Amino acid sequence: MAIRITDLIHIEASEINLEFVRSSGPGGQNVNKVATAVKLYFHIDRSPSLPGTVKKRLHTLAGKRVNSEGFLIIDARRFRTQEANRRDAVERLVNLIGQAAAVPKTRRPTRPGAAAKARRLEEKKKHGAAKQARKRALPGDD
């Protein structure tokens, strides 16, 4: 079964490893008995589904969630059921890869135009004049 990220990118379910652990937080006695929290492991570099540029951006985007072996680890324990946490973990992975797949716009440096410079200088003059008007006259200044 393939998980659709974008129109061009699909990852196989076999590329994702899920581990179920006991969760902390609300749930009463259920917390002590049932492993509802989900740890999702996805090896970025070994994934044949992702282009190199997406892998590179995903490493940057994921930050500390990528361990030294190159596994992206997503910890989902927001919900009280295992199924809801599994969906949450996969959804977060899809969103993260989707963000990495979006090509960032290249920034073209711009300069302020002549009119903008003139407005800025005019504002500076007005501000300076207002401050000048607030000064009190010293004795001997006539």
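Mind checking whether some residue in segment 89-97 is surrounded by fewer than 16 Cβ atoms within 10 Å (Cβ to Cβ) and touching a residue at least 12 places away in the same chain (Cβ under 8 Å)?
We begin by selecting, within segment 89-97, every residue surrounded by fewer than 16 Cβ atoms within 10 Å (Cβ to Cβ); these are 91, 95.
Still in the running and touching a residue at least 12 places away in the same chain (Cβ under 8 Å): none.
No, segment 89-97 has no match at all.
Identify the single condition in (1) out of contact with any Gly (no Cβ under 9 Å at 6 or more places or on another chain); (2) part of a helix (DSSP H, G or I) that His59 does not satisfy, given that it satisfies every other one.
With (1) out of contact with any Gly (no Cβ under 9 Å at 6 or more places or on another chain); (2) part of a helix (DSSP H, G or I) applied to His59, the lone miss is (1).
With respect to Lys131, is the statement that it is modelled with pLDDT of 85 or more and closer than 23 Å to Ala2 by Cα true? First the steps, then the outcome.
Working: modelled with pLDDT of 85 or more: yes; closer than 23 Å to Ala2 by Cα: no.
No; evaluated as a whole, the condition is false for this residue.
List the number of the failed condition for Ala100; all other conditions in (1) farther than 19 Å from Met1 by Cβ; (2) part of a helix (DSSP H, G or I); (3) without any contact (Cβ under 8 Å) to a residue 24 or more places away in the chain hold.
With respect to (1) farther than 19 Å from Met1 by Cβ; (2) part of a helix (DSSP H, G or I); (3) without any contact (Cβ under 8 Å) to a residue 24 or more places away in the chain, Ala100 is out only on (3).
Cβ contacts < 7 Å: first residue modelled with pLDDT under 75, restricted to segment 14-38; second residue among the β-branched types (Val, Ile, Thr) and assigned to a loop (DSSP other than H, G, I, E, B), any location; separation 6+ or different chain. Result?
Note: pairs meeting the criteria are Ser23/Thr36.
Collect the residues in segment 32-54 that are under 19 Å from the mean Cα position of the chain (by Cα) and buried (at least 21 other Cβ atoms within 10 Å of the Cβ), keeping them in residue-number order.
Matches in segment 32-54: Leu40, Phe42, Leu50, Val54.
Read through the list (1) out of contact with any Phe, Trp or Tyr (no Cβ under 8 Å at 6 or more places or on another chain); (2) polar (S, T, N, Q); (3) exposed (fewer than 13 other Cβ atoms within 10 Å of the Cβ), then give the number of the only condition that Asn17 fails.
With (1) out of contact with any Phe, Trp or Tyr (no Cβ under 8 Å at 6 or more places or on another chain); (2) polar (S, T, N, Q); (3) exposed (fewer than 13 other Cβ atoms within 10 Å of the Cβ) applied to Asn17, the lone miss is (1).
The values are calculated or read from the model by the stated rules, or taken from the named source; none is laboratory data. On a predicted model such as this, the values are computed, not experimentally measured, just so you know. When we count neighbours, we look across all protein chains shown, and the Cβ atoms used for this are built from the backbone with ideal geometry, even at glycine.
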